[in-house]
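Take a look at the structure below.
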Amino acid sequence: MNLCILSGKGGTGKTTVAVNLAVLMQACYFDCDVEEPNGFIFLRPEHITAEKVFVEYPVIDSDKCTLCGQCARACQYNALAATKKNIMLFPTLCHGCHACEIVCDPGAITYLPRPVGSVEKGAAHGVECVRGIMNVGEHMAVPVIRQLLRNLNISKNNILDAAPGTSCNVVNTLRRSDAAVIVTEPTIFGLHDMSIAVELLRQMNIPFAVVINKSQNNDAMIQKYCSENRIKLLGSIPYAKKAAEAYSEGQIISKLPEFHLSYASIADKVQEAFSWN
């Protein structure tokens, strides 16, 4: 089973919940937040191996190019621009769709691979850990996410730590997910952005439930929303200074006595709520 952990907004504690559930449930951990993968800070895997992620980009043969501009007109992503002297290429905008190559009658365009990131693998706490990392200066995370998720083992249970928000990065992670858990915080902003995540999950027909993080006995607005919208609430994780201190030190919070019961209860309810194999 592939369980996606997501949040409507950043800063709710999504990665904290994801890594702790992975350890408690002994599920493989996949950090799909490839622009800012923080899960390894807490898991600290060993024996890390890495593989590069490549995308294809067009290369123009100036000897064959007639400067007709067909390639630039065909590009929907503005990765090509025709001038009177040459065809300008903006490689970080290219989606590798090959449209420019198809419309080029002189056959002046070919494609070559370009590195955009990497996928790293390791192990810690008895858990397989995998993360994607975008190269600095790149704009598109989806190619890295796709290669990362090719490492999913369907015979195992996997925790997919999605990027914050509801962007195409999250959508591409959800496409490989069987169920999801939204991590929210008991604030107006948390509720607003959680409702957007709820709409996305319902459009994609993915079963889901909610976890409240940073709870200070002020969960009423989240509880009311979940009740009115028939959303299963798995539990709350208390807000405490000790949690922030442990987080800053990169600790697995569920191993602290003050938080173990909260996380263990949520882990049990996840297995009850979904068809956990």
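Tabulated results
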item	result
The stretch 157-169 - residue that is surrounded by fewer than 24 Cβ atoms within 10 Å (Cβ to Cβ), in contact (Cβ under 8 Å) with a residue 60 or more places away in the chain and not hydroxyl-bearing (Ser, Thr, Tyr) and, of those, nearest to CYS28 (Cα to Cα)	ASN158
Cross-chain or 6+ apart pairs with Cβ under 8 Å, the stretch 45-58 first and touching a residue at least 60 places away in the same chain (Cβ under 8 Å), then acidic (Asp, Glu) and assigned to a strand (DSSP E or B)	ILE48/GLU120; THR49/GLU120; ALA50/GLU120
Among the residues listed as ALA141, ALA81, ALA123, the single one being at pLDDT below 95 and either of a type in the set (A, V, I, L, M, F, W, C) or in contact with a helix residue (DSSP H, G or I) (Cβ under 6 Å, 6 or more places away or on another chain) (or both)	ALA141
Residue list for the stretch 229-274, filter: hydroxyl-bearing (Ser, Thr, Tyr) and either outside the structural domain of ALA197 (by TED's automatic domain parsing) or in a strand (DSSP E or B) (or both)	SER236
Qualifying position, being in contact with an Asp or Glu (Cβ under 6 Å, 6 or more places away or on another chain), of a type in the set (Lys, Arg) and more than 19 Å from CYS4 (Cα to Cα), among LYS214, LYS255	LYS214
Residues being surrounded by fewer than 17 Cβ atoms within 10 Å (Cβ to Cβ), acidic (Asp, Glu) and within 12 Å of HIS98 (Cα to Cα) - total across the stretch 45-64	0
Condition met for MET140 (in the same structural domain as TYR29 (by TED's automatic domain parsing) and closer than 30 Å to VAL34 by Cα)	yes
Unique match (being surrounded by 22 or more Cβ atoms within 10 Å (Cβ to Cβ), of a type in the set (A, V, I, L, M) and in contact with an Asp or Glu (Cβ under 6 Å, 6 or more places away or on another chain)) among ALA27, ALA18	ALA18
Subset of the stretch 101-144 (residues that are among the acidic types (Asp, Glu) and either surrounded by 14 or more Cβ atoms within 10 Å (Cβ to Cβ) or within 18 Å of PRO91 (Cα to Cα) (or both))	GLU101, GLU120, GLU128, GLU138
Unmet criterion (only one of (1) outside the structural domain of PRO106 (by TED's automatic domain parsing); (2) farther than 30 Å from ALA209 by Cβ; (3) of a type outside the set (A, V, I, L, M); (4) at pLDDT below 95) for THR49	(4)
Restricting the stretch 246-274 to residues that are more than 15 Å from ALA22 (Cα to Cα) and more than 24 Å from the chain's Cα centre (by Cα), the residue that is surrounded by the most Cβ atoms within 10 Å (Cβ to Cβ)	PHE259
Filtered residues of the stretch 26-84 (kept if part of a loop (DSSP other than H, G, I, E, B), among the charged types (D, E, K, R) and within 25 Å of VAL116 (Cα to Cα))	ASP33, GLU35, GLU36, ARG44, ASP61
Evaluation of VAL23 against (1) touching a His at 6+ places or on another chain (Cβ under 7 Å); (2) in a strand (DSSP E or B) (one fails), failing number	(2)
Residues of the stretch 195-221 classified as modelled with pLDDT under 95, assigned to a helix (DSSP H, G or I) and either crowded, with 20+ Cβ neighbours inside 10 Å or among the aromatic types (Phe, Trp, Tyr) (or both), total	0
Condition met for VAL59 (of a type outside the set (Ser, Thr, Tyr) and more than 30 Å from ALA267 (Cβ to Cβ))	yes
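The values are calculated or read from the model by the stated rules, or taken from the named source; none is laboratory data. Model, not experiment: these values are computed from the prediction. Cβ atoms come from the backbone with ideal geometry, glycine included; neighbour counts cover every protein chain shown.
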